[in-house]
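Chemist: Mind looking over this structure? Questions follow.
Each reported figure results from applying straightforward, stated rules to the coordinates on display, with no laboratory input. What you are looking at is a predicted structure, and each value in this text was computed from that prediction instead of being measured. Every residue, glycine among them, receives a Cβ derived from its backbone with ideal geometry; neighbour counts consider all protein chains shown.
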Amino acid sequence: MVRTCISGSVDNSDTVAGFVIVLACVVAGVLIRALVKPRRDAETRCRKCGYILRGLVEPRCSECGEAI
Ligand SMILES: [Zn+2]
């Protein structure tokens with residue numbers, strides 16, 4: 001009975017540790033995606049009019065003149 005209790009608790013902690021590692025990987029992946037996506041949008045679109053700023057030479061929006 002005692003042995004079963006101990007092995008049961010050890011198995012449970014291993015499962016929890018594995019779950020925490022998997023959860024950490026998932027959270028890290030979601031965080032990286034969340035951090036990268038808005039940054040890309042801010043760089044490629046004008047904050048004022050939403051014009052796509054890809055391939056611009058000047059640091060200004062060619063549609064409304066807003067500084068980037
Ligand atoms: Zn603009």
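Chemist: Taking 7 Å along the Cα-to-C-beta vector as the label spot, tell me the residue 27-residue 58 distance in nanometres, rounded to one decimal.
Modeler: With each label point 7 Å from Cα toward Cβ, the separation is 4.7 nm.
Chemist: Along the Cα→Cβ direction, 7 angstrom out, place labels at residue 68 and residue 47. What is the inter-label distance in nm?
Modeler: Roughly 1.4 nm, to one decimal.
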